[in-house]
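The values are calculated or read from the model by the stated rules, or taken from the named source; none is laboratory data. Predicted model, so just to flag it, every value in this text is computed and none were measured. Here the Cβ is made from the backbone with ideal geometry for all residues, glycine too, and neighbour counts use every protein chain on show. Accessible surface areas use protein heavy atoms only, side chains included; no ligands, DNA or RNA. Shrake-Rupley method; radii C 1.70, N 1.55, O 1.52, S 1.80 Å.
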Amino acid sequence: MQDRTYTADAEPGDDVTVAGWVHEIRDLGGIAFLILRDTSGKIQIKFEKDEMDDDLVETGLDASRESVVKVSGAVEEEPRAPTGVEVTPESVEVVAPADPELPLDPSGKVDADLSTRLDNRTLDLRKEDVQSVFEIRSGVLNAVRDQFREFDCTEINTPKIVATGTEGGTELFPITYFGEEAFMNQSPQLFKQLIAGSNVERVFEIGPIFRAEEHNTPRHLNEATSIDFEGAFCDHQDAMDVAEGVVKSAYEAVQENFGDELEAIGIADEFEVPEGDFPRISYEEAIERINATGELDEQLVWGDDLSTPAEEALGQDVGGHYFITDWPSEIKPFYIKDHDDDAELSTGFDLMHPRMELVSGGQREHRHEKLIEGFEQQGLDPDQFEYYTKMFKYGMPPHAGFGLGGERLIMTLLGLDNIREAVLFPRDRQRLSP
Ligand code: ATP
Ligand code: AMO
């Protein structure tokens, strides 16, 4: 609409046409107000019943909440109006009426449960706090892209329909691909390595990953957004530097550009950009510290994975973002390289937020024979991965990388309780539509 003015741009003295949703109608008798809402904010439309055309007053005041209306008129200063200005209408048109029975209240006065919100996402997104989450999500992905470009990375896109899994055989969604068994990809892992081994050298991808996890938790999705990095001639320390830079860039961008949105979400006062270097704690030290908290029923021993209570205990102890490094080789995947001087210790790392894991990464095994050995040790058939392993015969440089869960980044950054709040249309055990 070329002739349309955003409500936020309406200045006293302007003649404007504004269009948006009926947020609220307040009828005080002789005078009534329609609060019109658009993407930029809200504006008050004033109806003086005795002084205005009856049809115009009726059209405006009979419009049901959430109907789309278009109003033309003059903007005037009015200190009592919520934004300090109001429009005296010359014409009012109902562009799209709304059924008065709304499944949820976009004004936010009546709370709806998450399931109702997700079933009616269009209405849910009309709430300022919900819209703000997704404005911030978009801004975070922009900041992350900019940060990767600063690190000389090329953005890539890899296939999501694949022949083999990489992150543990039980979490694959099988599909039929022209009569053959195929899967939805769990991670761009093997593809990003294949590209980092070319002249492209440093790559990143922001794309969907699919995990057929049966469980229903506040921090797992069946379709998530993975922010992946892979760099040739990088080791695990370099990859940790990149992961730290990317996470910090997200916080900095939000601090710099999204003050109003933080306000709308109600966290402007407590939002902080993480300061200083993220501590790098070895797995060995991590389990000692967790055991020392006394929070767990059973003491952890070398080789144990960290349970959610263990992660939480350590998160509280550390109090900010931190890395866990030097994991036991046996609990990291085949593509993670072991330390040269100790085959029991891997170069794998996780980047943790006090609430949960955000990132996994490590240096990769780039030596062909060792890679094949790693497959066999993990009970995988290297023949199935020949498309990948054979490229390691033609000059595969040392390389390292990581995967960062996009929704976990947003969820922890904004203090959201449930990861589903960070996705427009989440896929979980119970939810396949919308
Ligand atoms: P990654 O995929 O790298 O392992 P993650 O955070 O998804 O990252 P998981 O191994 O899936 O890690 O799970 C980590 C922890 O999450 C588990 O040790 C467990 O404590 C917790 N967890 C997993 N499934 C469930 C579940 N169904 N209910 C509660 N907690 C769970
Ligand atoms: P990993 O399996 O740890 O590692 O995944 C990386 C990060 O992705 C996020 N994530 C999820 N987020 C929401 N729901 C899920 N079901 C889910 N699963 C994973 C987490 C996790 O830390 N290929 C390796 C990465 C690498 O080494 O480069 C990988 O996929 O934030």
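So here's what we get for this one:
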item: Inter-residue pairs, beta-carbon under 6 Å, first in a loop (DSSP other than H, G, I, E, B) and in segment 223-236, second small (Gly, Ala, Ser), 6+ apart; result: 234/400; 235/400
item: In segment 138-164, the residues that are β-branched (Val, Ile, Thr) and within 17 Å of residue 402 (Cα to Cα); result: 144, 154, 156, 158
item: Residue selected from segment 221-236 under the condition farther than 13 Å from residue 426 by Cα and open to solvent by 20 Å² or more (accessible area, probe 1.4 Å), by the criterion farthest from ligand 2 (Cβ to nearest atom); result: 233
item: Segment 257-267: number of residues that are farther than 22 Å from residue 408 by Cβ and either open to solvent by 90 Å² or more (accessible area, probe 1.4 Å) or basic (Lys, Arg) (or both); result: 2
item: Residue 108 vs. criteria at positive phi, open to solvent by less than 50 Å² (accessible area, probe 1.4 Å) and not acidic (Asp, Glu); result: yes
item: Yes/no for residue 202 being open to solvent by 50 Å² or more (accessible area, probe 1.4 Å) and touching a Cys at 6+ places or on another chain (Cβ under 6 Å); result: yes
item: Residue within segment 377-385 that is within 16 Å of ligand 1 (Cβ to nearest atom), within 29 Å of residue 304 (Cβ to Cβ) and of a type in the set (Phe, Trp, Tyr) present; result: no
item: Segment 169-187, residues that are within 16 Å of ligand 1 (Cβ to nearest atom), open to solvent by less than 40 Å² (accessible area, probe 1.4 Å) and more than 20 Å from residue 426 (Cα to Cα); result: none
item: Out of 312, 288, 284, sole residue that is without any contact (Cβ under 8 Å) to a residue 40 or more places away in the chain, open to solvent by 50 Å² or more (accessible area, probe 1.4 Å) and at negative phi; result: 288
item: Segment 188-220, subset among the β-branched types (Val, Ile, Thr) and more than 9 Å from ligand 2 (Cβ to nearest atom), residue nearest to residue 426 (Cα to Cα); result: 206
item: Of all residues making up segment 391-408, the number that are within 16 Å of residue 187 (Cβ to Cβ) and either away from ligand 2 (no atom under 13 Å from the Cβ) or of a type in the set (A, V, I, L, M) (or both); result: 2
item: Selection count, segment 130-169, where residues are within 24 Å of residue 416 (Cβ to Cβ) and of a type in the set (Lys, Arg); result: 2
item: Given (1) open to solvent by 20 Å² or more (accessible area, probe 1.4 Å); (2) in a helix (DSSP H, G or I); (3) within 16 Å of ligand 1 (Cβ to nearest atom), number of the condition residue 243 does not satisfy; result: (1)
item: Pair list, Cβ < 6 Å and 6+ apart or interchain, from segment 1-14 residues that are under 9 Å from residue 75 (Cβ atoms) to residues that are outside any loop (DSSP other than H, G, I, E, B) and open to solvent by 100 Å² or more (accessible area, probe 1.4 Å); result: 12/77
item: Candidates 74, 32, 19 - the one that is surrounded by fewer than 18 Cβ atoms within 10 Å (Cβ to Cβ), outside any loop (DSSP other than H, G, I, E, B) and in contact (Cβ under 8 Å) with a residue 40 or more places away in the chain; result: 74
item: Members of segment 205-217 found to be surrounded by fewer than 20 Cβ atoms within 10 Å (Cβ to Cβ), of a type in the set (A, V, I, L, M, F, W, C) and within 16 Å of ligand 1 (Cβ to nearest atom), listed by number; result: 212
item: Strands (runs of 3 or more DSSP E) wholly inside segment 293-379 that include at least 1 residues being at pLDDT 95 or above and charged (D, E, K, R); result: 342-346, 349-353, 356-363
item: Tabulated pairs, segment 408-434, first assigned to a loop (DSSP other than H, G, I, E, B) and open to solvent by 50 Å² or more (accessible area, probe 1.4 Å), second of a type in the set (Asp, Glu) and at pLDDT below 95, C-beta under 7 angstrom, 6+ apart or interchain; result: 429/214
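For every residue, the table says whether it meets (1) hydroxyl-bearing (Ser, Thr, Tyr); (2) within 14 Å of ligand 1 (Cβ to nearest atom).
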| position | (1), (2) |
| --- | --- |
| 298 | no, yes |
| 311 | no, yes |
| 322 | yes, no |
| 325 | yes, no |
| 339 | no, no |
| 342 | no, no |
| 353 | no, yes |
